[in-house]
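Here's the structure, in structure tokens; my notes come after.
Quick note: the coordinates plus some simple rules give every number you see, no bench work behind them. Every value quoted in this text rests on a predicted model; they were computed, and no experiment measured them. All Cβ positions, glycine included, derive from the backbone under ideal geometry; neighbour counts span all protein chains shown.
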Amino acid sequence: RVCEACLFGVRSGVLTAILMVSIGVINNAIVTSGIGNGFSLMIAQWSQGSLGIAILLIGLASLVLGMGLPVTAAYIIMAILCAPALAGILADTMIVEQLMVGLTDPAQSALFMLVDSPYVAKVATGMTEQEAWSLVAAIPFEVAMTLRPVLVDVESLTGFLLIAHLIIFWLSQDSNVTPPVCLAAFTAAGIAKSPPMATGFQAWRAAKGLYIVPLLFAYTPLITGSLFEMLQIGVFSLFGIYAINAVIARYAEGPLAFWNWPCLVGGAALCFVPLDLLLNLIGAFLVSLVMLWTHRQNEFFNHPTTED
């Protein structure tokens, strides 16, 4: 058995080595040809500084790439292509906050002289949020790469880069459960002897956390916040994800009644409000109420009481 295990390890190692060599070739081709910078520039231009649009574009790209690559390989390639652009968009939110207040440092203000925008004159005095976003959107890609390390501290830049990689890693998994190429769902269908495509659609319906968690990374301090903030967001997000899956499946701990739907939708919305403990508690209470009610109803119908 030891020899068989060693032989199996060697065979698996050969396949892994071939995969890593292929990824290395693709990586070198991307870096050498400049496709990585071009793809990052394309995402920055198409999204126009919108974090939601950038995440949507990355999700679509990872879905297409995942049709022919495993999750790890798709993540590595997507990280090379998209992580700099996504981290830059996250860093731009801090730059906008500084522009709204005004940059008092003349050296920092002078960097914006390279930007062709009518709002450059307001850099030192402050501007509205819309004007600040318009100014940031007008910054050339090469100038933005110089501005961000000056205006954003190293700790925040590192946190934004980590968030970008986590978002890309989560989105790289969607090809496993999204038809028509859902490899994990098709494998499960073969084991369960169920229709592959129907299993794929059920997997897609059940895996909504793949799309919700990246949004939590992007719009809440789930990664960069304090321990209490991370625990608060993480715990209440579980209630929200449960509620959304229950609404999609039309089943919680039992079949849903008509009045359960608004409770679950409203509870999920309140659970996802970042760092508002009162609203989070109300949302968790609504979701828990539906969970308890459906559980009791299910127990009642499955195990009815009988009189002797």
Problem - Farthest toward positive dipole pole in the chain [+1 Lys/Arg, -1 Asp/Glu at C-beta], among Phe169, Leu264, Ser237 - result: Phe169
Problem - Lys, Arg +1 and Asp, Glu -1 on Cβ, resulting dipole of the chain about Cα centre, debye, nearest 20 - result: 920
Completion exercise
Least to most buried among Phe8, Phe160, Phe217, by other C-beta atoms within 10 Å and fewest first, runs Phe8, Phe217, Phe160
Exercise for the section: Return Arg148, Arg205 ranked ascending by Cβ neighbour count within 10 Å, so the fewest neighbours appear first. Expected result: Arg205, Arg148
Problem - Calculated FRET efficiency for the pair Val64/Phe8, C-beta based, R₀ 51 Å, to 0.05 - result: 0.95
Problem - Net lengthening on full extension, Ala107/Ile191 (0.36 nm per residue, minus Cα-Cα) - result: 23.9 nm
Practice task
Counting other Cβ atoms within 10 Å, keep those with at most 11, restrict to DSSP loop, and tell me which GluC sites (Glu not before Pro) in the range 199-308 are left.
Solution key: Glu307
Fill in the blank from the handout: Phi-derived 3J(HN,Hα) across the range 178-195 with the Karplus relation (6.51, -1.76, 1.60, θ = phi - 60°), rounded Hz, x for Gly and Pro, is 10, x, x, 10, 10, 4, 5, 5, 5, 5, 5, 5, x, 5, 7, 6, 10, x
Handout entry: Extension reserve of the Tyr219-Gln130 stretch, reckoned as 0.36 nm per residue once the Cα distance is removed
Key = 30.2 nm
Completion exercise
The residues Tyr119, Tyr211, Tyr75, sorted from fewest to most surrounding Cβ atoms within 10 Å, come out as Tyr211, Tyr119, Tyr75
Handout entry: Nonlocal amide H pairs with Val152, under 5 Å, H built at 1.01 Å
Key = none
